[in-house]
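Inspection log for the structure reproduced underneath, given as structure tokens.
The values are calculated or read from the model by the stated rules, or taken from the named source; none is laboratory data. Remember, it's a predicted structure, so these values are computed and weren't measured experimentally. Here the Cβ positions follow ideal geometry from the backbone for every residue, glycine too, while neighbour counts run over all protein chains shown.
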Amino acid sequence: FPEEGVDGQFGIVDGFDAKFFVEPDEDTKAKYRKLKEENEQKKRLLQELKGKENITKDGTKINLYANIGGVSDVANVLANDAGGIGLFRSEFLYLESEDYPTEEAQFAAYKTVAENMAGKKVIIRTLDIGADKQVGYFGLEKEENPAMGYRAIRICLDRTEIFKTQLRAIYRASYYGTIAIMFPMIISVNEVKKIKEIIAEVKAGLDADGIPYKDVELGIMIETPAAATISDLLAKEVDFFSIGTNDLTQYTLAIDRQNTKLEAFYDAHHPAVLKMIEMTIANAHKAGIWAGICGELGADTQLTKEFLAMGVDELSVSPAKILPVRKVILETDVEAYRRRKQE
Ligand code: PEP
Ligand code: MG
């Protein structure tokens, strides 16, 4: 911004290209007037896709869900006609709080979301604190390499009281809707087995207290190269996979996702990442479970056809991306795309 400030002056903000114009010339104004009209026209056309199924031209149906980071996001999920919530980042409860959120506070938040989604699936991702998401009261030590450090499921399996409180709140809320749970940053079968032991304890506690809950689907995020590589073994342990491409790309390419200096090297379409995704989906299907994508790449419409050809069962994207992704799904003929690729 100019130092003297821009109060009272005419400005144009280009959110697509991260540009800001103060008192632009007539050509710039005309260019943006046209862009604005085109954009509004696109939005109007997308509105017509509301209520439609996510089905390809040759009849493949997939689930198109939304990612949320708080209770108030649900209105936007419903307004954009998402079929469910594929990633409910639960960190907000911890980030917004001065101290560990109580079971009651968590239960209230999860229950509200489950009820507001009125039976549509809500996949809650358990605590993924550490690395880029720091919370003072956790008293985490400063680390040289936090993205590869004490974070997410590692904290939960170490400080099990925090984990159990969250699981108990989620199971209690499961009674009020269709909740599924998934676990972040998994690297081994052993972690999944430990998680299941802890869940058994939590359920036993609820039974003892006479508190009702439903059976919930249990899934893991595939966001480490380790998990993708052993996805055949992991698939035998869980009900579904959700591929977290943000971290999967970071760890596969050895590129810090937060380091803006490395943007030129950060190739989201890198064949190594795409191969990991393909392998994960294939291993899920071999074991009879479903696989979705909930990282940013899931909303990349340049790749929607590719993901459909890989057989992805679910894409979970930000609410604003639901209709643009649905548009590509409706325009795709998966078999024809596969044939063209083989030629
Ligand atoms: C991911 O890593 O792709 C993901 C969805 O999780 P987050 O962005 O919260 O790390
Ligand atoms: Mg992640």
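Structure data summary
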{"item": "Answer residue from the range 186-223, given it is touching an Asp or Glu at 6+ places or on another chain (Cβ under 6 Å) and within 16 Å of ligand 1 (Cβ to nearest atom) and is nearest to G244 (Cα to Cα) among those", "result": "E223"}
{"item": "Unmet criterion (only one of (1) loosely packed, with under 15 Cβ neighbours inside 10 Å; (2) more than 20 Å from the chain's Cα centre (by Cα); (3) closer than 26 Å to L234 by Cα) for K275", "result": "(2)"}
{"item": "Criterion violated by E96 - all others in (1) modelled with pLDDT under 95; (2) within 20 Å of Y171 (Cβ to Cβ) satisfied", "result": "(2)"}
{"item": "Unique match (being under 18 Å from V325 (Cα atoms) and loosely packed, with under 15 Cβ neighbours inside 10 Å) among R33, R44", "result": "R44"}
{"item": "Selection within the range 255-275 - hydrophobic (A, V, I, L, M, F, W, C) and within 16 Å of ligand 2 (Cβ to nearest atom)", "result": "I255, A268, V273"}
{"item": "Conditions (1) farther than 23 Å from M310 by Cβ; (2) more than 20 Å from the chain's Cα centre (by Cα); (3) of a type outside the set (A, V, I, L, M): number failed by K236", "result": "(1)"}
{"item": "Total residues in the range 159-205, condition under 23 Å from the mean Cα position of the chain (by Cα) and under 25 Å from D232 (Cβ atoms)", "result": "15"}
{"item": "Residue count for the range 1-30, restricted to those that are assigned to a helix (DSSP H, G or I) and either touching a Leu at 6+ places or on another chain (Cβ under 8 Å) or closer than 23 Å to A320 by Cβ (or both)", "result": "0"}
{"item": "In the range 233-254, the residues that are of a type outside the set (A, V, I, L, M), closer than 17 Å to S188 by Cα and within 14 Å of ligand 2 (Cβ to nearest atom)", "result": "F241, S242, G244, D247, Y251, T252"}
{"item": "Where a residue in the range 92-120 is surrounded by fewer than 16 Cβ atoms within 10 Å (Cβ to Cβ) and its partner, wherever it lies, is among the aromatic types (F, W, Y), with Cβ under 9 Å and at least six apart", "result": "S97/Y137; E98/Y137; D99/Y137; E115/Y176"}
{"item": "Matching residues, the range 131-185, being in contact with a Cys (Cβ under 7 Å, 6 or more places away or on another chain) and within 15 Å of ligand 1 (Cβ to nearest atom)", "result": "none"}
{"item": "Evaluation of I55 against (1) closer than 30 Å to Q9 by Cα; (2) touching a residue at least 24 places away in the same chain (Cβ under 8 Å) (one fails), failing number", "result": "(1)"}
